[in-house]
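Encoded as structure tokens, the structure appears first; notes follow it.
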Amino acid sequence: MTEGPIGPILLKLTAPMVLGIISVIAFNLIDTYFVGQLGTNQLAAMSFTFPVVMTFGSLAMGLGIGTSSVISRAIGKGNLKQVQQYTTASLSLSLVIVMLFVSLGFFTIEPLFQLLGSGPYVLPYIKDYMQIWYLGMLFLVIPMVGTNAIRAAGNTLSPTIIMAFAAALNIFLDRLFIFGEFGFPRLELQGAAIATVISRAFTLLAVLFVLRVKENLLSRKHPSLQKTIECWQEILKIGCPVAIAMLLTPFATGIITRLISSHGSAAVAGFGIATRTESFALITVSALAASIGPFVGQNWGANAFGRVRKALQYSYRFCLGWGLFVAVVLNFSGQTIATYFNQDLDVVGITATYYSFVPISYGMVGIILVASSAFNAMGKPLPAISISFLQFFIIYIPVAYIGNNMSGLTGIFTAAIISNFIVGILAYYLSQKNCLHLNENMAMSVKSEQEIYS
């Protein structure tokens, strides 16, 4: 990735990622669709679990991005042995972290979701789902870390194929376990959790096969304890701030969900549909953000700072164009989309209202995603976490509380737009300034060396 035209390389990386992200999102949307057929309380229960599911997904993604960052920069430097050591250590680190967090989460289901605002009619459904989901967390974290390692090597196709098959398997299993088709017991919300766990188990096996056989990214002999700890430290130096930054999103979503819950279960259900389905609207920019990481990492490791800056410029222009297109589409189709998930008129109306406001800021969301991914790949996670903290806790949440007091749900949705625009502009400025500064320093350094030599 350190040579050749930048545009075609980004396109080659991003195109398979689009299908891969569709598959990842499908895990949530498929469950949301089928659970929506069970009733409003079940759908509200699924919406309440979203911040917690996002929390563990963010933890896994933080570890994955930390792994991808150190691996891609090692590839840029041409150090294959170090690449294998980082990859092997990342999987053992994931296993340790899963064991710790599952033990914590499994025994705190009831007090946690009561804190989020779930009522007595919804909480039993939440317990049915999360008790099974926690037991399958191993199949979420390790494959996510593994696929990031595969992408760091420039292979975005294999993870896409794996996730596409897993999503198709999840669709089939949902019908079996949720509704009890073909002689299976009708397990409703528990069935959705079982289907997800089984599908994720397949991804674990497939990812390990690709890492070991196809990409040769795993060491034949596990690194020594000292070397493993050193690798863990390098991964966590990036992964911890990234995980914290990503955890801010579900934590903020939980606060916003609590705020919205004061308007009733229909409001929570409508917000849940909107926030889950909007992931499809952001698929392309999310794929670009995921692809920019390996590109930036390898070029950063090779000191090709000019290529990084140019790649970011291309990406930002695309994000703005895509965001404008999606905003127009969702403004006219939001109500139709909502009816596919639930027929309650209140739920549909709230989802449509969300889509008439928030999508205008999706271009800025894309810029934030791309800039954060680039900073993480550079080995500089602090700007990314600062951007996230500013977006959610300095702007979004305070403005949402003010907006809620002034105009209810409309005020909350408007707060999202304000935070996206302010932080998007800041993320663009910081990333471009950082690359330009380093490129100028590199040019000056080369010039000085030439003068000394001559």
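The values are calculated or read from the model by the stated rules, or taken from the named source; none is laboratory data. Keep in mind that this is a model prediction, so the values were computed, not measured. Don't worry about glycine lacking a Cβ; one is built from the backbone with ideal geometry, like all the others, and counts go over all protein chains shown. Only protein heavy atoms, including side chains, enter the accessible area calculation; ligands, DNA and RNA are left aside. Shrake-Rupley method; radii C 1.70, N 1.55, O 1.52, S 1.80 Å.
Hey, does the stretch 172-190 have a residue that's farther than 30 Å from Gly39 by Cβ and part of a helix (DSSP H, G or I)? Walk me through it before giving the result.
To start, the set of residues in the stretch 172-190 that are farther than 30 Å from Gly39 by Cβ comprises none.
Within the stretch 172-190, none of the residues are farther than 30 Å from Gly39 by Cβ and part of a helix (DSSP H, G or I).
Please tell me if Leu217 is hydrophobic (A, V, I, L, M, F, W, C) and either in a helix (DSSP H, G or I) or within 23 Å of Ala168 (Cβ to Cβ) (or both).
Working: hydrophobic (A, V, I, L, M, F, W, C): yes; either in a helix (DSSP H, G or I) or within 23 Å of Ala168 (Cβ to Cβ) (or both): no.
The answer is no for Leu217.
Identify the single condition in (1) surrounded by fewer than 18 Cβ atoms within 10 Å (Cβ to Cβ); (2) part of a helix (DSSP H, G or I); (3) over 19 Å from the mean Cα position of the chain (by Cα) that Pro120 does not satisfy, given that it satisfies every other one.
Result: Pro120 fails condition (2) only.
Check off (1) closer than 27 Å to Ser94 by Cα; (2) in contact with a Pro (Cβ under 9 Å, 6 or more places away or on another chain) for Ile21 and give me the number that stays unchecked.
(2)
Can you pull out every residue in the stretch 190-209 that is open to solvent by 10 Å² or more (accessible area, probe 1.4 Å) and either under 20 Å from Ala152 (Cα atoms) or hydrophobic (A, V, I, L, M, F, W, C) (or both)?
Once the filter is applied, which keeps residues that are open to solvent by 10 Å² or more (accessible area, probe 1.4 Å) and either under 20 Å from Ala152 (Cα atoms) or hydrophobic (A, V, I, L, M, F, W, C) (or both), the stretch 190-209 yields Ile194, Val197, Ile198, Ala201, Phe202, Leu204, Leu205, Ala206, Leu208, Phe209.
Being small (Gly, Ala, Ser) and open to solvent by 40 Å² or more (accessible area, probe 1.4 Å) is the filter; apply it to the stretch 368-408 and report the residue that is nearest to Pro294 (Cα to Cα). Outline the logic, then answer.
Restricting attention to the stretch 368-408, the residues satisfying the condition of being small (Gly, Ala, Ser) are 371-374, 377, 379, 384, 386, 388, 400, 403, 407-408.
From the residues that got through so far, the ones that are open to solvent by 40 Å² or more (accessible area, probe 1.4 Å) too are 386, 407.
On the way: Ser386: 22, Ser407: 43 Å.
This residue is Ser386.
Applying the selection to the stretch 177-189, what residues are within 22 Å of Gln131 (Cβ to Cβ) and open to solvent by 10 Å² or more (accessible area, probe 1.4 Å)? Talk me through it step by step, then tell me what you get.
Our first condition is that a residue be within 22 Å of Gln131 (Cβ to Cβ); within the stretch 177-189, this holds for 177-180, 184-189.
Residues satisfying the conditions are Phe177, Phe179, Gly180, Phe184, Pro185, Arg186, Leu187, Glu188.
Do the conditions hold for Pro250, that is, is it open to solvent by less than 30 Å² (accessible area, probe 1.4 Å), assigned to a helix (DSSP H, G or I) and at pLDDT 80 or above? I'd like the intermediate steps shown before the answer.
On the way: open to solvent by less than 30 Å² (accessible area, probe 1.4 Å): yes; assigned to a helix (DSSP H, G or I): yes; at pLDDT 80 or above: no.
When the stated conditions are applied, Pro250 does not pass them.
Could you check how many residues of the stretch 409-422 are open to solvent by less than 20 Å² (accessible area, probe 1.4 Å) and more than 13 Å from Ile256 (Cβ to Cβ)?
1
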